[in-house]
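Just so it is clear, none of the values below were taken in a lab; they were calculated from the coordinates. Not measured: the values here are computed from a predicted model. When we count neighbours, we look across all protein chains shown, and the Cβ atoms used for this are built from the backbone with ideal geometry, even at glycine.
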Amino acid sequence: MKAIKKKINRFYDFVLNEHKAQKEGVEEFVPKDMVDLLLQLVDGSDDLEVKLNYDSIKAFTQDLIAGGTDTSATNLEWAMSELIKQPNLIKKATEELDRVIGRERWVEEKDLAQLPYIDAIMKETMRRHPAVVILPPHLAVENSNVAGYDVCKGTLVFVNTWSMGRDPKLWEEPEEFRPERFLGNTGIDLQGQSFELLPFGSGRRMCPGYKLGLRMIRTCLANMLHGFNWKLPGNVKVEDLGMEEAYGLVTTRKFPLVAVMEPRLPAHLY
């Protein structure tokens, strides 16, 4: 871990030095990205309520990299794994896509509101296979009593989203992958207000990029299903597709998904 920390720190030093070099000698420098803006705050603002330094910029950058890459890809891989195991779900999704989008174009972000089944697949994937099993810890700032449990001031609180998503008190047949449970007016959203499903956390410190992540995952998933037919390679049967998990910062498949995809749209769209 110490060796990895040093390696990561060298990378962030390189990023900061590169951005600082770009604005040297420029009288009216225009920030081009978040790092430029943060450097501007560090170097030129003395009236900030919370003082920033170079370590603060490294921490912000780390949050963006850690939260914006593996989690989305992991969600998509789990979604396709579950769908391939149940081809009838792919059929329902593609019927919705053909009805709303047709076969002459790709799915765009503006179409997402008209694709409730795609949204339901995404929510069910995040319930059944949360990319982050344990949310970042919260600290109790005062003595509290939650559901009969005393939580003392200074206690670190960890939220287990994996356990919440498989709790039979909250979900009917929780081990079953059933997107239909999210169809209709369920009242369950992913914005931190439905406490039975918190893939992005809740409150002021929930994932700052959750809106972007939701749009990106839904758009990618919709186009993967809209543009291609999916099946397992060779003589592999759906019942032989393993669903073992590998635990780390992100909960991925133990063995990567291997699938065969074939075009389902006209050739001129590819």
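Filter the chain for me: DSSP H helices, axial length by Cα at least 24 angstrom, mean Kyte-Doolittle hydropathy not below 0.0. List them by residue number.
On the way: long enough: 2-23 (32 Å, -1.08); 210-227 (25 Å, 0.30).
Once both thresholds are applied, what remains is 210-227.
Could you identify which residue out of Leu225, Leu39, Leu76 has the top mean-square fluctuation in a GNM of the chain using Cα springs shorter than 10 Å?
Leu39
Please report, to two decimal places, log10 I(q)/I(0) for the range 1-52 at q = 0.17, 0.18, 0.24, 0.31 Å⁻¹ as given by the Debye formula with identical point scatterers on the Cα atoms and no solvent.
Debye output, listed in q order: -0.64, -0.70, -0.95, -1.16.
Looking only at Val146, Val238, Val35, which one moves most when the chain is put into a Gaussian network model with springs between Cα atoms under 10 Å?
Val146
Fewest to most neighbouring Cβ within 10 Å: what's the order for Ile4, Ile101, Ile121? Before the final figure, lay out the partial values.
Details: Ile4 8, Ile101 20, Ile121 28.
Exposure proxy ranking, most exposed first: Ile4, Ile101, Ile121.
May I ask you to compute the full-extension gain from Asn235 to Asn145, defined as 0.36 nm times their residue separation minus their alpha-carbon distance, rounded to one decimal in nm?
My answer for the length gained is 26.9 nm.
Write down the Å³ per residue value for the convex hull defined by the alpha carbon atoms of the range 72-269. The partial results should precede the final answer.
Details: hull volume 26.3 nm³, N = 198.
Per-residue hull volume (Cα only) is 133 Å³.
Among Phe29, Phe182, Phe14, which comes first, then next, by fewest other beta-carbon atoms within 10 Å? The partial results should precede the final answer.
Details: Phe29 13, Phe182 18, Phe14 10.
Exposure proxy ranking, most exposed first: Phe14, Phe29, Phe182.
For the chain, with a Gaussian network of springs between Cα atoms less than 10 Å apart, report the residue from Glu244, Glu49, Glu95 with the top mean-square fluctuation.
Looking only at Glu244, Glu49, Glu95, the largest GNM fluctuation is found for Glu49.
Under the Karplus relation 6.51 cos²θ - 1.76 cosθ + 1.60, θ = phi - 60°, what is the ordered set of whole-Hz ³J(HN,Hα) values for the range 242-251, x standing for Gly and Pro?
Here the 3J(HN,Hα) series is x, 10, 5, 9, 10, 8, x, 4, 10, 8 Hz.
Which ordering of Arg253, Arg218 is given by a fewest-first count of other beta-carbon atoms within 10 Å?
Arg253, Arg218
Run through all the Cα pairs of the range 1-153 and give the fraction in each 5 Å bin from 0, expressed as whole percent.
Pair shares across the bins are 1, 7, 10, 11, 11, 10, 11, 12, 12, 9, 5, 1, 0.
Taking amide H atoms as placed 1.01 Å from N in the peptide plane, list the residues 5 or more away in sequence, or in a different chain, whose amide H sits under 5 Å from that of Thr155.
Amide H to amide H, under 5 Å and 5 or more residues apart or across chains, Thr155 pairs with Ala140.
Suppose only helical runs count, i.e. DSSP H with n ≥ 4. What mean residue ellipticity at 222 nm does that imply for the chain under -39500 (n - 2.57) per run, divided by all residues and rounded to the nearest 500 deg cm²/dmol? Can you show the working numbers first?
Details: 8 runs with 114 residues, N = 270.
Computed ellipticity for the chain at 222 nm equals -13500 deg cm²/dmol.
Considering Cα pairs under 8 angstrom that are at least six residues apart, work out the relative contact order of the chain and quote it in whole percent.
21
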